[in-house]
Amino acid sequence: MKHAQDPLSATLSALADPTRRAILARLSQGAATVNELAEPFDISLPSVSRHLKVLEGAGLISRGREAQWRPCRLEAAPLREVDGWLGRYRRFWEGSFDRMDVYLDELTRGKSGGKDQ
(Lines give C-alpha, C1' and ligand atoms only; values in the text may rest on other atoms or scores of the structure.)
Protein backbone atom coordinates (compact mmCIF):
# COMPACT_ATOMS: atom_id res chain seq x y z
CA MET A 1 0.00 0.00 0.00
CA LYS A 2 1.56 3.29 -1.11
CA HIS A 3 1.07 6.30 1.14
CA ALA A 4 0.84 9.85 -0.14
CA GLN A 5 4.18 11.58 0.26
CA ASP A 6 4.22 14.74 2.35
CA PRO A 7 5.10 17.92 0.40
CA LEU A 8 8.50 18.43 2.07
CA SER A 9 9.58 14.86 1.28
CA ALA A 10 8.39 15.24 -2.32
CA THR A 11 10.38 18.47 -2.67
CA LEU A 12 13.54 17.02 -1.14
CA SER A 13 13.22 13.90 -3.29
CA ALA A 14 12.85 16.02 -6.43
CA LEU A 15 15.87 18.13 -5.42
CA ALA A 16 18.00 15.01 -4.89
CA ASP A 17 18.71 14.72 -8.62
CA PRO A 18 21.36 17.03 -10.14
CA THR A 19 19.54 17.21 -13.50
CA ARG A 20 16.37 18.42 -11.78
CA ARG A 21 18.37 20.99 -9.78
CA ALA A 22 19.92 22.22 -13.04
CA ILE A 23 16.46 22.49 -14.61
CA LEU A 24 15.28 24.56 -11.64
CA ALA A 25 18.36 26.77 -11.91
CA ARG A 26 17.53 27.41 -15.56
CA LEU A 27 13.88 28.16 -14.71
CA SER A 28 14.99 30.66 -12.06
CA GLN A 29 16.00 32.82 -15.07
CA GLY A 30 12.53 32.63 -16.62
CA ALA A 31 10.05 30.31 -18.32
CA ALA A 32 11.32 27.79 -20.86
CA THR A 33 10.01 25.09 -23.16
CA VAL A 34 10.90 21.42 -22.78
CA ASN A 35 13.24 21.70 -25.78
CA GLU A 36 15.01 24.70 -24.23
CA LEU A 37 15.35 22.86 -20.93
CA ALA A 38 16.66 19.73 -22.65
CA GLU A 39 19.29 21.59 -24.70
CA PRO A 40 22.24 21.50 -22.25
CA PHE A 41 21.74 17.84 -21.31
CA ASP A 42 22.93 14.73 -23.09
CA ILE A 43 19.67 12.90 -22.40
CA SER A 44 16.56 12.20 -24.45
CA LEU A 45 13.46 14.40 -24.49
CA PRO A 46 11.43 11.63 -22.81
CA SER A 47 13.99 11.61 -19.97
CA VAL A 48 13.71 15.38 -19.58
CA SER A 49 9.91 15.01 -19.58
CA ARG A 50 10.15 12.45 -16.77
CA HIS A 51 12.28 14.88 -14.74
CA LEU A 52 9.70 17.61 -15.38
CA LYS A 53 6.89 15.33 -14.19
CA VAL A 54 8.75 14.77 -10.91
CA LEU A 55 9.30 18.52 -10.49
CA GLU A 56 5.68 19.22 -11.34
CA GLY A 57 4.48 16.53 -8.94
CA ALA A 58 6.48 18.17 -6.16
CA GLY A 59 4.94 21.54 -7.03
CA LEU A 60 8.33 22.99 -8.00
CA ILE A 61 7.26 23.86 -11.53
CA SER A 62 4.05 24.60 -13.38
CA ARG A 63 3.30 24.26 -17.06
CA GLY A 64 1.30 26.81 -18.95
CA ARG A 65 -0.24 26.77 -22.38
CA GLU A 66 0.68 29.46 -24.88
CA ALA A 67 -0.30 28.73 -28.48
CA GLN A 68 1.27 25.35 -29.30
CA TRP A 69 3.96 25.36 -26.64
CA ARG A 70 3.79 24.65 -22.91
CA PRO A 71 6.29 26.79 -21.05
CA CYS A 72 7.54 25.56 -17.70
CA ARG A 73 7.83 28.02 -14.81
CA LEU A 74 9.51 27.79 -11.43
CA GLU A 75 7.19 27.73 -8.42
CA ALA A 76 8.87 29.07 -5.28
CA ALA A 77 6.49 27.94 -2.53
CA PRO A 78 7.99 24.46 -2.03
CA LEU A 79 11.48 25.98 -1.90
CA ARG A 80 10.31 28.40 0.80
CA GLU A 81 9.05 25.41 2.79
CA VAL A 82 12.48 23.74 2.53
CA ASP A 83 14.15 27.00 3.55
CA GLY A 84 11.84 27.25 6.58
CA TRP A 85 12.61 23.68 7.57
CA LEU A 86 16.35 24.27 7.19
CA GLY A 87 16.02 27.54 9.13
CA ARG A 88 15.51 25.61 12.36
CA TYR A 89 18.82 23.84 11.81
CA ARG A 90 20.52 27.03 10.64
CA ARG A 91 19.82 28.53 14.07
CA PHE A 92 21.47 25.47 15.64
CA TRP A 93 24.55 25.75 13.39
CA GLU A 94 24.87 29.47 14.01
CA GLY A 95 24.55 28.91 17.76
CA SER A 96 27.22 26.21 17.59
CA PHE A 97 29.55 28.56 15.70
CA ASP A 98 28.89 31.34 18.21
CA ARG A 99 29.77 29.00 21.09
CA MET A 100 32.92 27.88 19.26
CA ASP A 101 33.94 31.54 18.72
CA VAL A 102 33.57 32.21 22.46
CA TYR A 103 35.59 29.10 23.29
CA LEU A 104 38.36 30.04 20.83
CA ASP A 105 38.46 33.58 22.27
CA GLU A 106 38.83 32.12 25.76
CA LEU A 107 41.64 29.82 24.60
CA THR A 108 43.43 32.66 22.83
CA ARG A 109 43.09 35.02 25.80
CA GLY A 110 44.28 32.28 28.13
CA LYS A 111 47.47 31.74 26.12
CA SER A 112 48.23 35.41 25.54
CA GLY A 113 47.22 36.33 29.08
CA GLY A 114 49.91 34.09 30.54
CA LYS A 115 52.63 35.47 28.27
CA ASP A 116 51.77 39.15 28.62
CA GLN A 117 51.61 39.22 32.41
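The values are calculated or read from the model by the stated rules, or taken from the named source; none is laboratory data. Treat the numbers as computed from the prediction; the structure is a model and nothing was measured. Because the Cβ atoms are built from the backbone with ideal geometry, glycine has one as well, and the counts that use them run over all protein chains shown.
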Hits in region 4-27 - residues which are over 10 Å from the mean Cα position of the chain (by Cα), loosely packed, with under 13 Cβ neighbours inside 10 Å and among the small types (Gly, Ala, Ser): Ala4, Ser9
Within region 61-90, tally of residues that are in contact with a helix residue (DSSP H, G or I) (Cβ under 8 Å, 6 or more places away or on another chain) and modelled with pLDDT of 90 or more: 11
Given the options Ser62, Ser49, Ser13, Ser28, name the one that is outside the structural domain of Val82 (by TED's automatic domain parsing) and touching an Asp or Glu at 6+ places or on another chain (Cβ under 6 Å). Ser62
Within region 67-111, count every residue that is over 28 Å from the mean Cα position of the chain (by Cα) and not in a helix (DSSP H, G or I). 2
